[in-house]
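The structure appears right after this line, and notes come after that.
The values are calculated or read from the model by the stated rules, or taken from the named source; none is laboratory data. Because the structure is a prediction, the values reported are computed rather than measured. No Cβ is skipped: glycine too gets one built from the backbone with ideal geometry, and neighbour counts run over all protein chains shown.
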Amino acid sequence: MDIKSIGVIGAGQMGNGIAHVMAVAGYDVHLNDVSQDALDSAVALITKNLDRQVSRDKITAEDRDTALARITKTLDPAQVAQTDLVIEAATENEAIKQKIFDGLLPHLKPTTVLTSNTSSISITRLASRTDRPEKFMGFHFMNPVPLMQLVELIRGIATDEETYQACLGVVNRLGKTAASAEDFPAFIVNRILMPMINEAVYTLYEGVGNVASIDSAMKLGTNHPMGPLELADFIGLDTCLAIMNVLHDGLADTKYRPCPLLTKYVEAGWLGRKTHRGFYDYRGDIPVPTR
């Protein structure tokens, strides 16, 4: 299975990072979104990040220009469907993801591999609604994609070995490391990470510590580069809540119950960095704890 072209659906935080690394690795990339403004913003951010890599001697100016030339912006899902490998990187909402795959099906090549960058949703269930469950798997990048070295590869119950090896080959070409995970809720990284973040929110909710003390305790006491509440803001509190709900619903264990305070922040629209308020207020020069 020779993969030369990559379709990326969703030009947000994850999608633009995936497009970036794929283009640098030599793949032709078709970046799709429902909004032209989102596509333009994504390519502008990719350009900025490539410029930063040039300034740090990670790549050459010629590498940057060649990578940018490999990226095609498109509003047409049919164009994405004609690639060798599609990576869906839309918001963490199963209904939205399913609608995307439903729209792709009439336009796909017989050989196209479908993947999802989902951080928690069942790959088997997503695959079952397509015409090629054997050519469907989870392709979960970490954020920020250009910097993080890990990619989780998740097989659905029907994923065949050829599809897995093809995706593994892409990860290797990117210079990243693959971790193979079975298709259980939240896979490996978020199965471990999100309950820790949720417990940090409970620690705040119960008044054990405030935002600053909780984050300082984990950074200085366990050598984490970011505190759990700071990290939650970076990920997006809506994404954290969605993953906790997947864990709670999928495993039926009360230890995965989302903290009511996390739910309250999401209900308020305080989703973290992307809305400029979460556990910290980012509207000034320095982030200020909101509790």
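Do you know which residues across segment 128-164 are surrounded by fewer than 17 Cβ atoms within 10 Å (Cβ to Cβ) and basic (Lys, Arg)? Residue satisfying the conditions is Arg129 alone.
Taking every residue in segment 133-157 that is outside the structural domain of Ala90 (by TED's automatic domain parsing) and closer than 21 Å to Met1 by Cα and pairing it with any residue that is assigned to a loop (DSSP other than H, G, I, E, B) and of a type in the set (A, V, I, L, M, F, W, C), at least 6 positions away or on another chain, yields no pair with a Cβ-Cβ distance below 7 Å.
Ile123 - would you say it is in contact with a Cys (Cβ under 7 Å, 6 or more places away or on another chain) and under 18 Å from Leu251 (Cβ atoms)?
Working: in contact with a Cys (Cβ under 7 Å, 6 or more places away or on another chain): no; under 18 Å from Leu251 (Cβ atoms): yes.
It is false that Ile123 is in contact with a Cys (Cβ under 7 Å, 6 or more places away or on another chain) and under 18 Å from Leu251 (Cβ atoms).
Among the residues of segment 146-165, those that are under 20 Å from Ala25 (Cα atoms) and assigned to a strand (DSSP E or B) comprise Leu150, Val151, Glu152, Leu153.
State whether one or more residues within segment 4-23 are surrounded by fewer than 13 Cβ atoms within 10 Å (Cβ to Cβ), in contact (Cβ under 8 Å) with a residue 60 or more places away in the chain and farther than 22 Å from Thr118 by Cα.
Going through segment 4-23, the residues surrounded by fewer than 13 Cβ atoms within 10 Å (Cβ to Cβ) turn out to be 4.
So of that shortlist, the ones also in contact (Cβ under 8 Å) with a residue 60 or more places away in the chain come out as 4.
Those left that are additionally farther than 22 Å from Thr118 by Cα: 4.
Checking segment 4-23: at least one residue is surrounded by fewer than 13 Cβ atoms within 10 Å (Cβ to Cβ), in contact (Cβ under 8 Å) with a residue 60 or more places away in the chain and farther than 22 Å from Thr118 by Cα.
Scan segment 202-220 and give yes if some residue there is in contact (Cβ under 8 Å) with a residue 40 or more places away in the chain, under 21 Å from Asn117 (Cβ atoms) and touching a Phe, Trp or Tyr at 6+ places or on another chain (Cβ under 8 Å), otherwise no.
No.
So Lys58 ticks every box in (1) touching a helix residue (DSSP H, G or I) at 6+ places or on another chain (Cβ under 9 Å); (2) basic (Lys, Arg); (3) within 29 Å of Ile121 (Cβ to Cβ) but one. Which box is left unticked? The failed condition is (3). Might you let me know whether segment 157-176 holds any residue that is under 22 Å from Ala67 (Cβ atoms), touching a helix residue (DSSP H, G or I) at 6+ places or on another chain (Cβ under 7 Å) and of a type in the set (A, V, I, L, M)? There is at least one residue in segment 157-176 that is under 22 Å from Ala67 (Cβ atoms), touching a helix residue (DSSP H, G or I) at 6+ places or on another chain (Cβ under 7 Å) and of a type in the set (A, V, I, L, M). Within segment 119-145, the set of residues being closer than 18 Å to Ala179 by Cβ, in contact with a strand residue (DSSP E or B) (Cβ under 6 Å, 6 or more places away or on another chain) and among the aliphatic types (A, V, I, L, M) comprises Ile123, Met137, Met142.
Any residue at all in segment 81-102 that's touching a strand residue (DSSP E or B) at 6+ places or on another chain (Cβ under 7 Å), of a type in the set (A, V, I, L, M, F, W, C), farther than 26 Å from Met226 by Cα and without any contact (Cβ under 8 Å) to a residue 60 or more places away in the chain? For segment 81-102, residues touching a strand residue (DSSP E or B) at 6+ places or on another chain (Cβ under 7 Å), of a type in the set (A, V, I, L, M, F, W, C), farther than 26 Å from Met226 by Cα and without any contact (Cβ under 8 Å) to a residue 60 or more places away in the chain: present.
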